[in-house]
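Written out below as structure tokens is the structure these notes cover.
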Amino acid sequence: MSRPLLFATDLSQENRAAFARALRLAHQQGAQLDTLHVLDPYLPHRMLHDLELAVNDDISAMLTDLREDYALELPSLMIQTVVGEPHVEIVREAHERQASLIVLGMHRKRGQKDLLYGTTMMRILRSAPCPVVVASYLPTQPWQHIVVPIDFSLTARQTLKEALIRFPEAKLTLLHAWSLPGELELGSQAFYAQWRDHEVSRLREALDNEVESLLRELDGVPDIELALEPGQPCDVLHDYVKRHSPDLVMLGSRSRPHQPNPLTEMLLSEPHCDVMLCRPW
């Protein structure tokens, strides 16, 4: 049986899109959806039982509304409440259930990068034992266009593998940002332009070989486009997402989890699509 998906909800309006996406993903993958809400441990004990009932009723009502609004199939589903610190309990439950994926709603501090660090979402991203989806757009359809920023790292290779395995029907754009020494000083010179074109061709060939070697390990050949664009990674990704409006960007997390990834920060502070953060191996 497939490993379950874990959807963690704070019952806010921002979580509706994430709940709907979790339902669609669980149905597509034939997996159970475990829905979790973490209660405040400092509430009076006599309140917790009544609050737990109210939470279950609220989740059930939201589930009914979402299924009717978006014609979503109902996967195998479990609703649970626990008491504790939200990010600790969500990560612990993901470990205990051997979840294949955690689905979260987008944070409420959009456009405020400096306020991301202490959020429950960022703490889960740093500690999760599996990929994490941060969803902010209602799933009127499955993800159809997925962007995967790539380089020659093990992290990028693992993220691409996750994309190929999980979403074989989607169009994948592999986006690589490149820069070359001497561009500022010599970029207008004819000899430099010729050298630059040659180097970019070598880069494309190397990336093509990397992708082909990975595809040989997997069944099927999905729709893949390799896009090489000049510039710094954050700028290139930001501009590409704004121009092409993909449904999802998949990123690899750093092997040093307490050092934030600038790409992750940029995507989550100004969300233009859903985001998935994958483990580096």
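The values are calculated or read from the model by the stated rules, or taken from the named source; none is laboratory data. Since this is a predicted model, take the numbers as computed values, not measurements. All Cβ positions, glycine included, derive from the backbone under ideal geometry; neighbour counts span all protein chains shown. Surface areas here come from the heavy atoms of the whole protein model, side chains and all, with no ligands, DNA or RNA. Shrake-Rupley method; radii C 1.70, N 1.55, O 1.52, S 1.80 Å.
Quick notes on this one:
- For the chain, the per residue solvent-accessible surface stands at 51 Å², with DNA, RNA and ligands left out and a 1.4 Å probe.
- Sites GLU205 and ILE165 - FRET efficiency at Förster radius 25 Å, r taken between beta-carbons, to 0.05: 0.50
- Close amide H pairs (under 5 Å, H built 1.01 Å from N) link SER76 with LEU33, residues at least 5 positions away or on another chain.
- Counting only heavy atoms of the protein chains and using a 1.4 Å probe, HIS272 has close to 80 Å² of accessible surface.
- Here the gap between LEU184 and HIS95, fully extended at 0.36 nm per residue and compared with their Cα-Cα distance, gives a gain of 27.1 nm.
- Of the whole protein surface, GLU229 contributes about 40 Å² of accessible area at a 1.4 Å probe radius.
- Using just its DSSP H runs of length 4 or more, each adding -39500 (n - 2.57), the chain gives a mean residue ellipticity at 222 nm of -14000 deg cm²/dmol after division by all residues.
- Solvent-accessible area, 1.4 Å probe, carbon plus sulfur percent, for the chain: 49
- log₁₀ of I(q)/I(0) at q = 0.15 Å⁻¹ - the chain, Debye sum with one point per alpha carbon: -1.15
- HIS198, HIS145, reordered so the largest accessible area comes first (probe 1.4 Å): HIS198, HIS145
- About the Cα centre, charge dipole magnitude for the range 1-86 (Lys/Arg +1, Asp/Glu -1 at Cβ), debye: 340
- Magnitude of the charge dipole, the chain, Cβ model with Lys/Arg +1 and Asp/Glu -1, debye to 20: 420
- Dipole magnitude (debye, nearest 20) for the range 34-157, charges at Cβ of Lys, Arg, Asp, Glu: 640
- Rounded to the nearest 10 square angstrom, PHE152 shows an accessible area of 110 square angstrom against a 1.4 Å probe.
- Distance between modelled label sites at ARG216 and LYS242, nm, 7 Å Cα→Cβ extension: 4.1
- The phi-based Karplus calculation (6.51 cos²θ - 1.76 cosθ + 1.60; θ = phi - 60°) puts the 3J(HN,Hα) values of the range 241-247 at 4, 5, 6, 10, 6, x, 7 Hz, whole numbers, x for Gly and Pro.
- Largest to smallest accessible area among TYR70, TYR137 [probe 1.4 Å]: TYR137, TYR70
- Ordered by 1.4 Å accessible area with all protein chains kept, ARG24, ARG204, ARG3 run largest first as ARG3, ARG204, ARG24.
- Three-way shape call for the range 171-281 based on the alpha-carbon gyration tensor, with the a/c threshold at 1.5: oblate
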